[in-house]
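Visitor: Below: one structure in structure tokens.
The values are calculated or read from the model by the stated rules, or taken from the named source; none is laboratory data. What you are looking at is a predicted structure, and each value in this text was computed from that prediction instead of being measured. Reconstructed Cβ throughout: ideal geometry from the backbone, glycine too, with neighbour counts over all protein chains shown.
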Amino acid sequence: MSLPKGAYEALEDALGSEHVCDDPAITSAYSYMWLLYSTHAQSGRYRPAAVVLPGSTEDVQAIIKIANRYRFNYIPVGTNLLPPTIPVRPDTIIIDPKRMDRILEIDEENMYAVVEPYVTYAQLQAEAMKKGLTITVAEAGAQVSVVANNMFQGMGGTGHKFGYNRGVLACDWVLPTGDLLHIGSRGNPQAGWFWGDCAGLNLKGLLRADSGHCGGLGMVTTMAVKLFPYPGPAVFPVKGSNPNFSVEFPEDRFRLNLIKFPDRKNLIDAMYEIGHAEIAAAVHEEPASMVLSGASPSVEYFWEHWPKFKQQWKNVLSVTLIGFSSPRQAEYEQKVLDAIVAEQKGEYLREGSELWKIGEDLLGEQIRTGLSNRLFRIAGDFFVIGGFGFDSIDHSYRMSEEFMWPLIEAGQKKGYFVDDDTHNDWLNSYQLGQISETEPLIYFEHDLQAGAQFITSYMQTITEAIKRKMAPTWPLGPMMYITGPAMCNYHELVLKIKKTLDPRLTSNPNYPLPPEPPA
């Protein structure tokens with residue numbers, strides 16, 4: 001694919017020739033991502049016409065104005081984790097902000113940081129920890145963009161304590177016109193970055209909503225994000241060498257509890273009681289497949305241990321306690337947790353036991369996720385069959401049992417998904433149990449047939465949720481044409497906003513949703 005005549009030269013004039021590239025070896029790399037064979041099996045994909053590397057907000061404005069002048073498309077990306085970063089139209093460039101990787105400010109007193117789009121969670125957390133602060137790290141991995149993930153959903157390991165999708169404060173946002181919009185406190189003269197809302201019309205929901213606009217409404221070039229207290233060492237206490245890493249946090253402030261319950265009802269009741277008691281920093285039901293894959297140094301290790309492990313690791317809840325104020329807080333929360341566990345007939349996994357040794361990495365994973373890449377080892381690809389169901393814990397569980405696991409089992413019978421009869425999900429608590437989500441993990445080969453089975457099942461979970469009047473999973477792009485009619489036709493409003501801010505449909509054209517429903 002090539003750009004309109006004169007467009008490439010205009011980009012070079014604006015950015016410098018070293019920051020614009022149309023080499024096929026480079027652009028081919030930008031036409032690939034890990035779910036490619038699932039999400040693009042039918043719609044196809046294009047190699048981008050060029051890749052541009054802005055170094056500032058002004059550069060981004062210049063790129064977008066050039067795109068409007070020469071009438072080509074562009075996709076702003078973060079760290080390229082999800083399918084919306086892949087072009088589905090010709091004459092599309094990728095705006096990759098990897099030069100924009102600076103932490104501009106860490107305000108210790110007001111507990112926020114101001115970052116550019118390529119700052120990763122690991123990068124920000126490393127600097128924040130030096131100042132006694134931390135951030136909810138996305139469980140997609142500490143290598144992902146802070147800006148992109150906060151716009152997409154903002155979940156994280158310690159979301160039980162720190163909240164769900166509440167980290168976005170003030171932002172600088174380049175609209176599809178090339179104009180710069182300041183939102184939150186940035187919209188008030190000399191107000192700074194501290195506030196995500198504002199005095200007047202609040203546009204943060206338009207920026208982010210449930211799962212962001214995926215680059216369909218321009219590009220955020222600077223964001224302030226909320227930080228939280230951290231009572232641990234200034235340097236993340238990791239020890240060992242790859243692949244055998246471990247963490248050693250101060251035991252008087254950090255405690256991992258792995259608790260096995262007789263059934264899911266007891267486990268869920270315990271999650272509710274933990275939230276009611278307002279204790280713990282992280283509360284997750286941990287699925288056997290995810291725990292074992294994270295602890296496996298090799299594929300062979302996983303498959304050797306899987307038959308026995310999946311029988312042993314059932315209905316296990318991990319609860320991380322952090323004494324934010326003092327060691328006495330950790331002691332108090334442990335006593336409260338002990339009472340809840342006893343009431344719900346739970347049993348702590350004994351430290352040093354075989355199961356404990358496999359699961360003990362979960363303490364570090366709740367605070368800085370680093371093992372997510374190991375989920376690919378089992379079969380070459382993985383994702384969730386649908387899930388999420390952002391509502392109550394009971395709601396998330398019902399969605400999983402009633403129609404997600406039946407779809408998984410159907411895929412297993414066809415030989416597309418790896419056999420897993422545990423029915424154990426990754427069931428998470430956010431905001432002290434007020435919000436929950438579930439993610440039934442599936443593993444499949446990296447090919448078209450398995451990928452098609454996955455994406456078809458994913459769409460079926462959305463259709464089924466709407467039919468049953470339950471909260472659907474992330475309705476990205478064309479999926480809004482399924483969810484919209486059942487939810488006050490919100491998709492029509494979103495499309496009007498898209499056409500108003502981006503009348504040529506140039507900014508990642510199919511997002512937040514395509515102009516017409518797909519066939």
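The rows are residues; the columns are (1) farther than 29 Å from Glu401 by Cβ; (2) surrounded by 20 or more Cβ atoms within 10 Å (Cβ to Cβ); (3) assigned by TED's automatic domain parsing to the domain that holds Leu441.
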site	(1), (2), (3)
Asn266	no, no, yes
Glu273	no, no, yes
Ser289	no, yes, yes
Ser326	yes, no, yes
Glu331	yes, no, yes
Lys335	yes, no, yes
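Visitor: Would you confirm whether or not segment 276-284 contains a residue that is aliphatic (A, V, I, L, M), outside any helix (DSSP H, G or I), at pLDDT 95 or above and within 18 Å of Arg350 (Cβ to Cβ)?
Guide: Narrowing segment 276-284 to residues aliphatic (A, V, I, L, M): 277, 279-283.
Still in the list and also outside any helix (DSSP H, G or I): 277, 279-283.
Filter again for at pLDDT 95 or above, leaving 277, 279-283.
Filter again for within 18 Å of Arg350 (Cβ to Cβ), leaving none.
The answer is no, given that none of the residues of segment 276-284 is aliphatic (A, V, I, L, M), outside any helix (DSSP H, G or I), at pLDDT 95 or above and within 18 Å of Arg350 (Cβ to Cβ).
Visitor: Further question on the same structure: Could you give me the residue pairs with C-beta distances under 9 Å whose first residue belongs to segment 22-36 and is over 11 Å from Ile86 (Cβ atoms), whose second residue is surrounded by 13 or more Cβ atoms within 10 Å (Cβ to Cβ) and hydroxyl-bearing (Ser, Thr, Tyr) wherever it lies, and which are 6+ apart or on separate chains?
Guide: If the second residue must be surrounded by 13 or more Cβ atoms within 10 Å (Cβ to Cβ) and hydroxyl-bearing (Ser, Thr, Tyr), the pairs left are Asp22/Tyr8.
Residue-by-condition table, conditions (1) under 28 Å from Asn373 (Cβ atoms); (2) in contact with a strand residue (DSSP E or B) (Cβ under 8 Å, 6 or more places away or on another chain); (3) without any contact (Cβ under 8 Å) to a residue 24 or more places away in the chain; (4) outside the structural domain of Met219 (by TED's automatic domain parsing):
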| position | (1), (2), (3), (4) |
| --- | --- |
| Tyr46 | yes, yes, no, yes |
| Gly55 | no, no, no, yes |
| Ile66 | no, no, no, yes |
| Arg69 | no, no, no, yes |
| Pro84 | yes, yes, no, yes |
| Val115 | yes, yes, no, no |
| Gln143 | yes, yes, no, no |
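Visitor: Mind checking which pairs have a first residue in segment 316-337 that is assigned to a helix (DSSP H, G or I) and a second that is modelled with pLDDT under 95 and surrounded by fewer than 17 Cβ atoms within 10 Å (Cβ to Cβ), Cβ under 6 Å, 6 or more apart or different chains?
Guide: Correct list of pairs: empty, since none qualify.
Visitor: Looking at Pro440, Pro512, Pro475 in this structure, which one is modelled with pLDDT under 95 and more than 19 Å from Gly215 (Cα to Cα)?
Guide: Pro440
Visitor: Right, here's the next one. Looking at segment 237-245, is at least one residue at pLDDT 95 or above and more than 26 Å from the chain's Cα centre (by Cα)?
Guide: No, the conditions are met nowhere in segment 237-245.
Visitor: Filtering segment 465-486 down to residues that are surrounded by 14 or more Cβ atoms within 10 Å (Cβ to Cβ) and outside any helix (DSSP H, G or I), which residue is farthest from the chain's Cα centre (by Cα)?
Guide: My answer is Met470.
Visitor: Could you tell me which residue of segment 420-448 is nearest to Ala280 (Cα to Cα), considering only residues that are of a type in the set (D, E, K, R) and surrounded by 20 or more Cβ atoms within 10 Å (Cβ to Cβ)?
Guide: Glu437
Visitor: Across segment 338-359, what is the total count of residues that are under 23 Å from the mean Cα position of the chain (by Cα) and outside any helix (DSSP H, G or I)?
Guide: Of the residues in that region, 0 qualify.
Visitor: Could you figure out which of (1) of a type outside the set (Val, Ile, Thr); (2) crowded, with 16+ Cβ neighbours inside 10 Å; (3) more than 30 Å from Phe162 (Cα to Cα) isn't true of Asn80?
Guide: With (1) of a type outside the set (Val, Ile, Thr); (2) crowded, with 16+ Cβ neighbours inside 10 Å; (3) more than 30 Å from Phe162 (Cα to Cα) applied to Asn80, the lone miss is (3).
Visitor: Being among the aliphatic types (A, V, I, L, M) and under 21 Å from Gly55 (Cβ atoms) is the filter; apply it to segment 168-202 and report the residue that is surrounded by the most Cβ atoms within 10 Å (Cβ to Cβ).
Guide: As a first pass, look at segment 168-202 and keep what is among the aliphatic types (A, V, I, L, M): 168-170, 174-175, 180-181, 183, 191, 199, 201.
Narrowing the set further to residues that are under 21 Å from Gly55 (Cβ atoms) leaves 174-175, 180-181.
Numbers: Val174: 28, Leu175: 16, Leu180: 15, Leu181: 17.
Out of the qualifying residues, it is Val174.
Visitor: Let me ask another. List every residue pair whose Cβ atoms sit under 8 Å apart, with the two residues 6 or more apart in sequence or on different chains, where the first one lies in segment 163-184 and is over 17 Å from Pro512 (Cβ atoms) and the second, anywhere, is part of a strand (DSSP E or B) and among the acidic types (Asp, Glu).
Guide: Between residues of segment 163-184 that are over 17 Å from Pro512 (Cβ atoms) and residues that are part of a strand (DSSP E or B) and among the acidic types (Asp, Glu), the close pairs are Leu180/Asp172; His182/Asp172.
Visitor: Looking only at segment 420-437, which residues are polar (S, T, N, Q), modelled with pLDDT under 90 and more than 21 Å from Ala140 (Cβ to Cβ)?
Guide: Thr422
Visitor: Just to verify a result, which residue in segment 120-151, among those that are touching a Phe, Trp or Tyr at 6+ places or on another chain (Cβ under 7 Å) and assigned to a loop (DSSP other than H, G, I, E, B), is farthest from Thr79 (Cα to Cα)?
Guide: Gly132
Visitor: Another question, if that's okay. Looking only at residues in segment 1-42 that are modelled with pLDDT under 90 and out of contact with any helix residue (DSSP H, G or I) (no Cβ under 9 Å at 6 or more places or on another chain), which one is surrounded by the fewest Cβ atoms within 10 Å (Cβ to Cβ)?
Guide: The selected residue is Tyr32.
Visitor: Let me ask you something else. Please find, among Phe376, Phe388, Phe417, the residue that is crowded, with 20+ Cβ neighbours inside 10 Å and at pLDDT below 90.
Guide: The conditions single out Phe388.
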